[in-house]
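Undergrad: What follows is a structure written as structure tokens; I'll ask about it next.
The values are calculated or read from the model by the stated rules, or taken from the named source; none is laboratory data. Please read these numbers as outputs of a predicted model, since none were measured by experiment. As a convention, Cβ positions derive from the backbone with ideal geometry for all residues, glycine included, and neighbour counts pool all protein chains shown. Heavy atoms of the whole protein, side chains included, go into the accessibility calculation; ligands, DNA and RNA do not. Shrake-Rupley method; radii C 1.70, N 1.55, O 1.52, S 1.80 Å.
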Amino acid sequence: MSDGPDPDHSAVERETGSAAKESTDTKPEPKEPVDDLVTTHHTLRVGRRQLRYTATTGRVVLREEHHKDGTFGGHKAKGELSMTSYVLDGADVRKRPVTFAFNGGPGSSSVWLHLGLLGPRRVVMGDVGALEPPPYDLVDNPESLLAVSDLVFIDPMSTGWSRAVEGGKPGDFHGYQKDIESVAELIRLWTSRHRRWMSPKFIAGESYGTLRGAALAEHLQERYGLYLNGLILISSVLDLSSIDFDKQRNDRAHALYLPTYAAIAHYHGKHGRRGLRGVLDEAEAYAARDYPWVLSRGARLAPAERRDAVATVARLTGLTEDYVDRADLRIEHWRYFTELLRDQRLSVGRLDGRFTGPAASAIAEGMDADPSMDAIAGPYAATWNHYVRDELGYDSDLHYEQISRLVHPWSFKDFEGRPIDVSPQLERAMRQNPHLRVHVAYGYYDGATPHFAAEDVVAHLQVPDELRANIEHAYYEAGHMMYVHEPTRRQQSADLADFVVRSSAGRT
């Protein structure tokens, strides 16, 4: 099976006829883009197995059908998405699963899941208290999901090397709906060109990629009839109002963040000799019942009730009672990461609360940078830029946008006047396809998409009990990119491989 596009798919379509004749612009029209892909061959030892696989990386042209005044205007190039695929050589494609993976942001490339967890090569960067110095290392990943599934890593528009076509408007892609449509189109193209419609298919998304992934599951089924076997949600956030401190004046996020604050406080020694599970049990019970009631009372809360609440929140979060009282019992997350270890002049990581870094100012209301992001950005940039050129054979003078600011402002116009929540899309996908299985992975030290908020959203999905049984949960003592923690990386790799195998069972 060829891992490059068929010759027909590289054919150039040019505008002809009267529209071309009417042009009076003397400047040459932009050159029609074609797929830019490089294929290489590799091996990976997994236990006693020697996996031979084909890697393909580069950019794929996305085209849109144009219709105006009832007339078909052609299939015109609109963008180029960068991607990397890994396909096991000689496998039976009717039995061999394929997993489409991406990160979130919006504005993140797929490099994190690619080199951190799923791909056949992985970055070596160390962990809290033992970070490796530059230039880091890249090694084989025998725990790669490639052992049980082919892989396609996708960089959404304006991330990685993905760009609008010359003369195009990238902003047209920088929003919820166009993002879904463009990623779905790449999945459809890859599936068709590689004859994989009869393969078990999975989507794996992280962070905003879980919101994208849930909406994609519904869109792929409704638009193309492309049904999935499984959806993997890593550091999940399906309803942005569950973690929203600013845009809506409600107390939901304050309660749902509490168990994460308690876990981070425990990690930094604020709970003495108590075990993490005991601290989480108490924090989750309080966040589920008493804390929402306390916050809902507002000025009606009696003085004695307020004193008890202040003491409880302070003890669980590791903050002082004075701070909790002055914050009116409502602890915003950026402020928490700045306040917890202020007496040591340290900030705590948002993506991973295990990390700390020196505060730029000991009196600042919010930290100037996330120390966990500082720790991981360099290793992934160095290893990717080496790997893609030296091992995958692809080169470009474009900057690989690891985390792109070009996508902002991001458009959520589809949700105007209502919360940004894709729960209905996931519910519809599960009702439409009762074989769709969902795996949700949570990190206890994740301060970006807290586990208790994600749990709450999943618990409120409106699906019948027999479909709810298709949802499984996995918890790790790690952060947002939970695979940075080596024991978690190994366990999560095994958990995901098991999920893919079970969800693909029954193929003939």
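Undergrad: Rank by packing, highest mean first: peptides 465-471, 175-181, with packing defined as the count of other Cβ atoms within 10 Å averaged across residues.
TA: Highest to lowest by the protection proxy: 175-181, 465-471.
Undergrad: Next question, about the same structure. Sketch the reach of a paramagnetic label on ARG330 as a point 7 Å from Cα along Cα-to-Cβ, and name the residues of segment 388-430 whose backbone nitrogen lies under 20 Å away.
TA: 418-420
Undergrad: A follow-up question, please. Mind checking the per residue accessible area of the chain for me, 1.4 Å probe, whole number of Å²?
TA: 44
Undergrad: According to the Kirkwood expression over distinct Cα-Cα pairs, how big is the hydrodynamic radius of segment 283-342, in Å?
TA: Mean inverse Cα-Cα distance, inverted, gives 11.8 Å.
Undergrad: Tabulate in residue order the Karplus-calculated ³J(HN,Hα) for segment 486-495, using 6.51 cos²θ - 1.76 cosθ + 1.60 with θ = phi - 60°, rounded to whole Hz; enter x for Gly and Pro.
TA: 4, x, 5, 4, 5, 5, 5, 4, 5, 5
Undergrad: Same structure again: What is the percent carbon and sulfur in the accessible area of segment 235-284, measuring with a 1.4 Å probe over the protein chains and ignoring ligands?
TA: 46
Undergrad: Please list the radius of gyration and Dmax for segment 408-456, considering alpha-carbon atoms only, with Å as the unit.
TA: Considering segment 408-456 through its Cα atoms, Rg and Dmax are 14.1, 37 Å.
Undergrad: Taking the highest mean first, how do the peptides 350-357, 196-203 order by number of other beta carbon atoms within 10 angstrom per residue?
TA: 350-357, 196-203
Undergrad: Which value, to two decimals, describes the C-alpha radius of gyration of segment 389-508 once divided by 2.2 N^0.38 Å?
TA: Segment 389-508 yields a ratio of 1.35.
Undergrad: Given a cut-off of under 8 Å on Cα pairs at least six residues apart, what relative contact order in percent is computed for segment 141-278?
TA: 14
Undergrad: Step through the residues of segment 369-378 one at a time and calculate ³J(HN,Hα) from phi using the Karplus curve (6.51 cos²θ - 1.76 cosθ + 1.60, θ = phi - 60°), rounding each to whole Hz and writing x for Gly and Pro.
TA: So the J values, rounded to whole Hz, are 7, 8, x, 6, 5, 4, 6, 9, 4, x.
Undergrad: Label GLU466 and ILE420 with points 7 Å out from Cα along Cα→Cβ: what is the distance between them in nm?
TA: 3.6
Undergrad: If R0 is 22 Å, what FRET efficiency do you get for HIS473 and ASP290 from their C-beta distance, rounded to 0.05?
TA: So the FRET efficiency works out to roughly 0.35.
Undergrad: Quick check for you: which residues of segment 363-379 have the amide N under 16 Å from the point 7 Å beyond the Cα of ASP246 toward its beta carbon?
TA: Counting backbone N atoms under 16 Å from the label point, the list is 365-370.
Undergrad: Can I ask one more? Per residue, how big is the convex hull of segment 94-149 when only Cα atoms are used? Give it in Å³.
TA: Expressed per residue, the convex hull around the Cα atoms of segment 94-149 is 101 Å³.
Undergrad: Give me the percent of accessible area attributable to carbon and sulfur for segment 21-173, probe 1.4 angstrom.
TA: Of the solvent-accessible surface of segment 21-173, carbon and sulfur hold 49 percent.
Undergrad: Net charge near HIS460, counting Lys/Arg +1 and Asp/Glu -1 over other residues with Cβ under 12 Å of its Cβ?
TA: Every neighbour counted, the sum reads -3.
Undergrad: Continuing with the same structure: With r defined as the distance between the Cβ atoms of HIS399 and HIS435 and R0 fixed at 51 Å, what FRET efficiency is calculated, to the nearest 0.05?
TA: After rounding, the FRET efficiency stands at 0.80.
Undergrad: Please report the orientation-averaged projected area of the chain, defined via the convex hull of its C-alpha atoms, in nm².
TA: 27.4
Undergrad: Then there's this: Given an 8 Å cut-off on Cα distances and at least 6 residues of separation, report the relative contact order of the chain as a percent.
TA: Contact order relative to length: 18 percent.
Undergrad: If each residue of separation counts as 0.36 nm, what is the full-extension length gain between ALA369 and GLU321 once their alpha-carbon separation is subtracted?
TA: Taking 0.36 nm per residue and subtracting the Cα distance, the gain is 14.7 nm.
Undergrad: Per DSSP helix of 4 or more residues, -39500 (n - 2.57); summed, then divided by the residues of the chain. What does that give at 222 nm, rounded to the nearest 500?
TA: About -9500 deg cm²/dmol.
Undergrad: Here is a follow-up. Between segment 308-338 and segment 353-424, how many Å separate their Cα centres?
TA: Taking the Cα centre of segment 353-424 as reference, the centre of segment 308-338 is 28 Å away.
Undergrad: Here's a follow-up. Can you give me the distance in nm between label points at ARG273 and GLN344, each placed 7 Å from the Cα along the Cα-to-Cβ direction?
TA: Once both label points are built, they end up 2.1 nm from each other.
Undergrad: Next question, about the same structure. For segment 247-315, run through the trypsin sites (Lys or Arg not before Pro) and keep only the ones in DSSP coil with at most 16 other Cβ atoms within 10 Å of their Cβ.
TA: Loop-located and lightly packed - LYS247, ARG249, ARG273, ARG274.
Undergrad: Here's something else I'd like to know. Can you tell me the orientation of helix 303-317 relative to the chain, as the angle in degrees between its alpha-carbon axis and the longest Cα principal axis, to the nearest 10?
TA: 50
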